[in-house]
Amino acid sequence: MGIFDYFKSKSAPSSASVAKDRLQIIVAHERSKRHQPDYLPQMQQEIIDVIRKYVNIGNEDVQIQLDNTDDCSILELNVTLPEQN
Amino acid sequence: MSLSGDTTLAKIIVVTSGKGGVGKTTSSAAIGTGIALKGHKTVIIDFDVGLRNLDLIMGCERRVVYDFVNVINKEATLSQALIKDKRTKDLFILPASQTRDKDALTIEGVQGVLEELAKDFEYIICDSPAGIEKGAQMALYFADAAIVVTNPEVSSVRDSDRILGILQSKSKRAEDGKEPIEEHLLLTRYHPGRVALGEMLSVSDVEDILAIPLLGVIPESEAVLKASNQGTPVILDTDSEAGLAYMDAVDRLMGEERPLRFLEVQKKGFIKRLLGG
Ligand SMILES: Nc1ncnc2c1ncn2[C@@H]1O[C@H](COP(=O)(O)OP(=O)(O)OP(=O)(O)O)[C@@H](O)[C@H]1O
Ligand SMILES: [Mg+2]
């Protein structure tokens with residue numbers, strides 16, 4: 001890295017801070033999955049397959065999450081449907 | 001230790017990482033030696049079945065006769081397989097087997113050996129193989145404490161977090177619902193110059209992400225390669241920053257307070273950097 005890059009790097013975010021941001025997101029995501037039951041990925045896939053019979057969606061359009069509180073578990077399903085036109 | 005009901009005081013420490021090549025064996029050799037230097041009877045076990053290397057780093061490769069798997073299979077006694085370190089009093093090495101049979105280590109077999117070692121040793125250091133599968137899980141299963149070796153680089157940090165998940169769910173302590181494994185972060189191959197330039201994750205970045213207590217920071221150092229060439233653990237090189245940083249880490253592991261050092265860029269590096277060196 002030469003003198004010009006050195007000053008330029010003041011404005012653009014450094015590659016280390018990009019790395020940190022990406023890591024924080026992926027690690028949080030993987031941690032939340034760690035406590036999920038083993039059947040969840042398959043269930044998610046089957047739900048997606050069912051919805052796909054009726055609407056054209058991609059795997060990334062479905063978010064599924066299991067939250068455990070003290071006395072109950074909540075299964076949260078979020079489906080982004082394509083715009084109607 | 002979390003083996004059977006025995007009231008032994010042996011402490012089992014696994015050196016683990018998920019990702020390969022980050023410095024587990026280097027760190028096991030250095031830290032095991034450092035603990036023994038403090039007068040605690042210590043054994044370092046190579047769990048890397050098929051890829052024995054601790055013997056080379058410790059400089060005892062020509063004295064290996066029997067190995068860990070021989071002991072498990074009762075082909076040799078523990079005292080036949082243990083290699084007494086030539087330089088450091090109170091230090092022993094249990095080499096890995098070169099067998100290609102990855103299933104050579106069994107939970108019962110490992111437990112038997114650890115129980116026998118626990119009668120005689122204060123510290124048992126387990127040098128884990130890379131990965132998060134069976135081999136790595138075997139090395140951490142009976143641990144009381146874990147040293148998670150991490151390089152300031154994305155894939156290593158992510159893998160460290162994965163191994164933390166396994167420590168918290170797949171260890172004996174986790175399965176028995178006992179007090180969790182004590183976790184320590186050891187950041188190695190740290191490059192203060194590159195951190196200053198924003199090219200490398202800093203100590204605090206990695207601490208923020210992994211959120212476990214920091215045991216030490218080992219700088220990237222030529223002394224490590226030199227020490228491995230010679231078969232001497234780098235902690236014995238007291239002229240090197242890496243050696244001193246490992247000693248600090250051992251002191252902290254023993255509960256002493258040591259300020260972090262070698263985290264600053266050396267002055268001469270600055271001009272070089274401006275000129276694009
Ligand atoms: N602080 C350091 N400075 C420079 N080189 C280092 C440092 N730490 C480790 N290395 C080098 O990194 C390489 C890998 O180290 P080591 O064998 O200890 O890693 P490992 O995690 O045990 O690998 P594996 O996953 O294959 O068992 C070696 O060549 C070693 O010399
Ligand atoms: Mg190794």
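Each value in this text was obtained by applying a stated rule to the coordinates, not by laboratory testing. On a predicted model such as this, the values are computed, not experimentally measured, just so you know. Virtual Cβ from ideal backbone geometry, glycine too; neighbours counted across all protein chains shown.
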Karplus (6.51, -1.76, 1.60) ³J(HN,Hα), θ = phi - 60°, over the stretch A:66-82, in Hz, Gly and Pro reported as x: 10, 10, 9, 10, 4, 10, 7, 10, 10, 9, 9, 10, 10, 10, 8, 8, x
Work out the FRET efficiency for B:His191 and A:Ile25 from their Cβ-Cβ distance, taking R0 = 25 Å, and round it to the nearest 0.05. 0.55
HN-Hα J couplings of the stretch B:75-91 from phi, Karplus 6.51/-1.76/1.60, θ = phi - 60°, integer Hz, Gly and Pro as x? 8, 8, 7, 4, 5, 6, 8, 5, 10, 7, 5, 6, 9, 10, 5, 6, 10
For a quick check: with amide H placed at 1.01 Å from N, whose amide H comes under 5 Å from B:Ile12's, ignoring anything fewer than 5 positions away on the same chain? B:Ile124, B:Asp144, B:Ala145
Count the net charge of all other residues whose Cβ sits under 10 Å from the Cβ of B:Lys134, scoring Lys and Arg as +1 and Asp and Glu as -1. -1
Fewest to most neighbouring Cβ within 10 Å: what's the order for B:Tyr141, B:Tyr190, A:Tyr54? A:Tyr54, B:Tyr141, B:Tyr190
Of the stretch B:8-44, those with amide N under 18 Å from the point 7 Å along the Cα→Cβ vector of B:Asp176 are B:8-14
Going by average Cβ neighbours within 10 Å, how do the peptides B:164-171, A:71-78 rank, with the highest at the top? B:164-171, A:71-78
Charges only on Cβ, +1 for Lys and Arg, -1 for Asp and Glu: so what's the dipole of the protein assembly as shown about the Cα centre, in debye to the nearest 20? 1360
HN-Hα couplings for the stretch B:125-138 via Karplus (6.51, -1.76, 1.60; θ = phi - 60°), in whole Hz with x for Gly/Pro, come out as 9, 9, 7, 6, x, 5, x, 10, 8, 3, x, 5, 5, 5
Using amide H atoms built in the peptide plane, which far-off residues or other-chain residues are under 5 Å from B:Ile45 H to H? B:Leu94, B:Ile125, B:Cys126, B:Asp127
In degrees, nearest 10, the alpha-carbon axis of helix B:24-37 is tilted away from the dominant principal axis of the alpha carbons of chain B by 80
Per residue of chain A, what 222 nm ellipticity follows from adding -39500 (n - 2.57) for every DSSP H run with n ≥ 4, rounded to the nearest 500? -14500 deg cm²/dmol
Chain B, helix-only ellipticity at 222 nm - DSSP H runs n ≥ 4, -39,500 (n - 2.57), divided by all residues, nearest 500: -11000 deg cm²/dmol
Between helix A:15-34 and chain A, what is the angle of the helix's C-alpha long axis to the longest principal axis, kept within 0 to 90° and rounded to the nearest 10? 20
Please get the size of the charge dipole for the stretch A:22-80, origin at its Cα centre, with Cβ charges of +1 on Lys and Arg and -1 on Asp and Glu, quoted in debye to the nearest 20. 280
For the charge dipole of the stretch B:11-254, defined by +1 on Lys and Arg C-beta atoms and -1 on Asp and Glu C-beta atoms about the Cα centroid, which residue among B:Ile181, B:Gly135, B:Cys60 has the Cα displaced farthest towards the positive pole? B:Cys60
Mind sorting B:Ser202, B:Ser155 by how few other Cβ atoms lie within 10 Å of their own Cβ, fewest first? B:Ser155, B:Ser202
Using only Cα atoms, tell me the angle between helix B:241-253 and the longest principal axis of chain B; keep it within 0 to 90° and round to the nearest 10. 50
